[in-house]
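Report on the structure given below.
The values are calculated or read from the model by the stated rules, or taken from the named source; none is laboratory data. Note that the coordinates shown come from a computational prediction; the quantities given were computed from them, not determined experimentally. Note: ideal-geometry Cβ built from the backbone for every residue, glycine included; neighbour counts use all protein chains shown. Only protein heavy atoms, including side chains, enter the accessible area calculation; ligands, DNA and RNA are left aside. Shrake-Rupley method; radii C 1.70, N 1.55, O 1.52, S 1.80 Å.
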Amino acid sequence: MPHRFDPTILREYDIRGVVGTTLFPADARALGRVFAQVLDQSGGRRVAVGYDGRLTSPELETELVEGLAEGGADVIRIGRGPTPMLYFAAATLPVEGGLMVTGSHNPPDHNGFKMVLRGKAFFGDAIQHLAQMAAALEPPDRPRGRVEQRSVFDDYVVRLAQDYRAGRGLAVAWDCGNGATGEVVASLVKLLPGRHVLLNEVIDGRFPAHHPDPTIPENLVQLQQAVAAERCDLGIGFDGDGDRIGVVDSRGRILWGDQLLLLLARDVLRRNPGAPILADVKSSQVLFDGIAAAGGKPVMMQTGHSLIKARMKELAAPLAGEMSGHIFFADGYYGFDDAVYVAVRLLDILARSEERLGAMIDRLPPVFNTPEIRVECDEARKFAIVEEVKERLRRRGAEFNDTDGVRVSTPDGWWLMRASNTQAVVVVRAEAGSEAGLERLRTRLAAELAPSGLVLPS
């Protein structure tokens, strides 16, 4: 019964691999066995399980449930839907844990698992320890757990709509990207006022329309075209499993994750003055300054949705977010990253305002920034390279923020360098108040990378 996971699938925040190459149905069954042990060790035995719309998800879910039941866990199968629906089930059903079969925003041949335990994200060392537990598996020696089907779909959709309180509706284009949000959004818009245009709402794990990642501009082109053609107030897109959001205004301009977070934060801080608002280290200085100006306490965080969820609980923060489009609402909600819920809150804000989304964007201070630039390097070197840069900065007496990698502020703006937790790359980003300032920051970044043997792409 001992089982060995391919070590590449045990990531910092989830389990993820290529089905048939690094990830197999036997892995799902073994994961069920060991997670049942984790539940037992925490004093629980009940778990909710869901799956997304990928073609391989039903088989993986079946094996996962079998492993959980073999391990003695009682399983509630909630069926197909977005990852936040599984989080909702874990928060509202009589269970101590939750497992979601999902490949998130990755290509169609990828899949994996996201986990929660007693209302907290399951990540980091806890995921790595699963490998040791699997290697020590023995034949089951506990009574088989019960398995039941229980839909939370209707309750989830009603809860999503509950916090739309505006007296009027908007014209909205929704791009579900053939991902797991399709059926939820199709039901949700029937409960919302306004005019709604649905794109790619049919769940199809091949993702025929475009890749399901709304943080990449090319994946928003169809949404931008629909907004223009249908004369919508805005467009909203989701990733493959519904925990990341992308937004465009009526002119098709992309509202990036940190800009969206600032609009949401201003509304939240009216009810929670002085509250901490968390954002990851890749976010614009405009966001941190804007939170402070709105009466909040900006908190710069490491990148990583599990880390942010954990820190939110510690600080009792009502809101947090990442550049990647993960937005977390604890203000009136459960504190997990639910892109469809974020969309509802955004629409409610816009419908209550006399100002259109485009005008809100126009009032933000203008900045010039790079996208995330991924500099390929040896996996074993990526963290060492960042430490080498820090050491060179220390020797020069330079000030920097090392919350996650190294972030340096200059009169022109700021630049960031950090090792990716998921890829063999060093990620860099820069932001300035002018094009000339941005070019100077790029030159500085190139000079910092060169002694470590890396070249900044042009």
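Report yes if VAL427 is of a type in the set (Val, Ile, Thr), modelled with pLDDT under 95 and under 29 Å from the mean Cα position of the chain (by Cα), otherwise no. Answer is yes for this residue. Please note which strands (runs of 3 or more DSSP E) are completely contained in the stretch 347-458 and include at least 2 residues that are open to solvent by less than 40 Å² (accessible area, probe 1.4 Å) and not hydrophobic (A, V, I, L, M, F, W, C). By residue number, 413-419, 425-432. Taking the condition surrounded by 24 or more Cβ atoms within 10 Å (Cβ to Cβ) and either free of Cβ contacts under 8 Å to residues at least 60 places away in the same chain or under 18 Å from the mean Cα position of the chain (by Cα) (or both), does GLY304 pass? No, not satisfied.
Filtering the stretch 77-87 to residues that are open to solvent by 10 Å² or more (accessible area, probe 1.4 Å) and on the phi < 0 side of the Ramachandran plot leaves ARG77, ILE78, ARG80, TYR87. When only residues in the stretch 7-57 that are modelled with pLDDT under 95 and more than 27 Å from ILE203 (Cβ to Cβ) count, which is farthest from the chain's Cα centre (by Cα)? Here the answer is PRO7.
Among residues of the stretch 8-36 that are free of Cβ contacts under 8 Å to residues at least 40 places away in the same chain and among the hydrophobic types (A, V, I, L, M, F, W, C), those with a beta-carbon under 8 Å from a residue that is surrounded by fewer than 21 Cβ atoms within 10 Å (Cβ to Cβ) and assigned to a helix (DSSP H, G or I) at least six positions away or on a different chain give the pairs ALA26/GLU63.
If you check PRO107 against the conditions, is it within 21 Å of PRO208 (Cβ to Cβ), surrounded by fewer than 19 Cβ atoms within 10 Å (Cβ to Cβ) and either in contact (Cβ under 8 Å) with a residue 12 or more places away in the chain or in contact with a helix residue (DSSP H, G or I) (Cβ under 7 Å, 6 or more places away or on another chain) (or both)? Answer is yes for this residue. Can you tell me which residue is surrounded by the fewest Cβ atoms within 10 Å (Cβ to Cβ) among those in the stretch 152-175 that are of a type outside the set (A, V, I, L, M) and in contact with a strand residue (DSSP E or B) (Cβ under 6 Å, 6 or more places away or on another chain)? That would be GLY169.
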